[in-house]
1. Just name the residue that is surrounded by the most Cβ atoms within 10 Å (Cβ to Cβ) out of those in the stretch 237-263 that are hydroxyl-bearing (Ser, Thr, Tyr) and under 14 Å from the mean Cα position of the chain (by Cα).
2. In the stretch 60-77, which residues are open to solvent by 20 Å² or more (accessible area, probe 1.4 Å), within 36 Å of the chain's Cα centre (by Cα) and over 13 Å from residue 109 (Cβ atoms)?
3. Answer with yes or no whether residue 328 is assigned to a loop (DSSP other than H, G, I, E, B) and under 19 Å from the mean Cα position of the chain (by Cα).
4. Could you check the stretch 165-197 and list, in sequence order, the residues that are open to solvent by less than 30 Å² (accessible area, probe 1.4 Å) and charged (D, E, K, R)?
5. Applying the selection to the stretch 371-416, what residues are assigned to a strand (DSSP E or B), closer than 17 Å to residue 433 by Cα and basic (Lys, Arg)?
6. Just checking, does the stretch 141-156 include any residue being assigned to a loop (DSSP other than H, G, I, E, B), under 22 Å from residue 22 (Cα atoms) and either at pLDDT 95 or above or outside the structural domain of residue 291 (by the TED database) (or both)?
7. For the stretch 336-370, give me each residue that is at positive phi and either in a strand (DSSP E or B) or of a type outside the set (Lys, Arg) (or both).
8. Spot the failing condition for residue 472; the list is (1) loosely packed, with under 15 Cβ neighbours inside 10 Å; (2) assigned to a strand (DSSP E or B), and only one is missed.
Amino acid sequence: PQTMTTRFFPAYPWDKSSLKSMPVDLQQFEKLDAYALKVNVTNSVEELVKALLKQARTDLEKVRAIWMWICHHIEYDVVGYHNKSQLSTKASDVLQAGKSICEGYAELFERMCSIAGIQCMKLSGYSKGYGYKLGQTFTEDSDHTWNAVYLDGRWHLLDSTWGSGAVDDSFTKFTFRYNEFYFLTHPALFINNHFPDNSNWQLLKPTLTLKDFEKNMLHNSNFYMMGLLTAHPQTAVIQTVKGKASVSVDCRSATLFTFKLKGTDEHGLMTLKKHGMKLDIYPQKTGNHKLQIFAKPSKAPDEVYSCVLEYVVECKSVDKTMRFPKDLHQPVGPSWFTERQGFLRPSHPNPVIHTNDGRCSLTFTLGKDISVFASLHCDDSSLTEDVRRRHIMQIHRGNQIEFKIHLPHAGNFVLKIYAKKKSDPGNYDYIFNYLITCLNTEVKWPAFPQSYTKWLEDYEILEPLSGLLPANRNVQFKLKMHGIAKVLVQAENTCPLTQSRGYWEGTCNTSGCREVFVMVHENANHSFYSHVLKYEVETQ
């Protein structure tokens, strides 16, 4: 029998640069991996190892070849799992059957390493695998088995059962789905879902207590494979404080996130950060809710989102003021993503804009040649979408764009911003949105004046901004327009505006009419006028 080298080395600090406990270059394994998958010897464990080692020189390569073979040739025995007494987990029987449970995987792994002259241990303990419920305690006997191998003067952890694939929710079907994560996993990450009976085998200092293991967040392997680093809070169960719970994730590179609270993303505000995301959750019912967080790399726009985190949110009280409009789309607010779409230097970096007087103004620098438009949405508005859109005024100054917003009433509004390439004839694409909140019930701004196609995007209204003019009054006009010969304001009488320093100015009386039009002569020689703006006049 081999003598065990149980010199435990000081803790492995995880410096977040690698998911593994030793430097591993997967590209260098490509040939070896391909070779190991093709080896087809099942008459004896000795013969199998002999065949595998033909292409393996170093101890690391030997372990890799054994690992690859087991992960792709031994399937999980879902029937045997329910009937363990009938099941042999002896290495030779596992090889013969081509299937087993974790005990058999670990047994075969240890036997093959031993033949290859590599020290290997079989470890048992608790795992957060199939059937695990968030926040549960572990009281029974240990439920899982894995291995440690001795390479380069220290111990390393691996789990070939979890490396080989997954069982479905009903535990009736196993699917081969290779998972690189469980090969020489860094102990600081392995502890996330493996708790060995003997705490020395955590290979950590200080070691984790079972209580911490039970309480801690479960990150599945997707979490780390996607370059995510940490999540806060680190406990699986979160209590709301005044109806709110917050979660944040840090990651290496730009990543897209979504979430579901009880299956919907309505009750939260998620913002993307350069290196992660922040999420505030406001459940609208008390009780326990499942919160799932999904992610995908930004470089893979067509990939599906994978679940990377799950929490249970315990909600004691509901904050009714944080009931979001159903049109609010996650994530909210500007981010690296909107920057990529050409919206630079946002005046409002936060996702929520609070206005007391019902007015606000947002500006961006446009980094690309894009056309932009915005729409305003609200759950309980009696106004049509067209009328709501007239509560936004868009002003271009060079590559700067400003959205002036005058809310028609108090409440929670969604400002959605769309864009398209100027050269594209097609539709606008939705880019992002803000939440605009106004609690002041006295707010009641009229819409901006209606504009027509001849009103160009870099024209500007300085006054009157309100699309509803007072009756029987002299109203002052000041408009910024270029490239035209004459401007008239047509009320009951027609008043010309005069040009000075790039502005067209003048006064017009609103008595005796219901509508006022601004008209322009594009060319002094034409007698033809084009309508550019239309104002309504208050009825007496």
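1. The initial filter retains those residues of the stretch 237-263 that are hydroxyl-bearing (Ser, Thr, Tyr), namely 240, 246, 248, 253, 255, 258.
Of the ones still in play, those that are also under 14 Å from the mean Cα position of the chain (by Cα) are 248, 253, 255, 258.
Details: 248: 15, 253: 12, 255: 22, 258: 17.
Step by step, filter the stretch 237-263, then rank; the result is 255.
2. Here is the first cut: in the stretch 60-77, the ones open to solvent by 20 Å² or more (accessible area, probe 1.4 Å) are 60-62, 72-73, 75-76.
With within 36 Å of the chain's Cα centre (by Cα) added as a condition, the list becomes 72-73, 75-76.
Hits for the stretch 60-77 are 72, 75, 76.
3. Details: assigned to a loop (DSSP other than H, G, I, E, B): yes; under 19 Å from the mean Cα position of the chain (by Cα): yes.
Answer is yes for this residue.
4. Selection gives 180 alone.
5. 404, 416
6. At the first step, the residues of the stretch 141-156 found to be assigned to a loop (DSSP other than H, G, I, E, B) are 141-143, 152-153.
Checking the rest, the ones that are also under 22 Å from residue 22 (Cα atoms) come to 152-153.
Filter once more, so that each one left must be either at pLDDT 95 or above or outside the structural domain of residue 291 (by the TED database) (or both): 152-153.
Yes: one or more hits.
7. Applying the first criterion (at positive phi) to the stretch 336-370 yields 342, 345, 358.
The answer is 342, 358.
8. Among (1) loosely packed, with under 15 Cβ neighbours inside 10 Å; (2) assigned to a strand (DSSP E or B), the lone unmet condition for residue 472 is (2).
The values are calculated or read from the model by the stated rules, or taken from the named source; none is laboratory data. Just so we're clear, the structure is a prediction, and the values are computed from it rather than from any experiment. We place every Cβ from the backbone using ideal geometry, glycine too, and count neighbours over all the protein chains shown. Side chains are part of the model used for accessible areas, which takes the heavy atoms of the whole protein and leaves out ligands, DNA and RNA. Shrake-Rupley method; radii C 1.70, N 1.55, O 1.52, S 1.80 Å.
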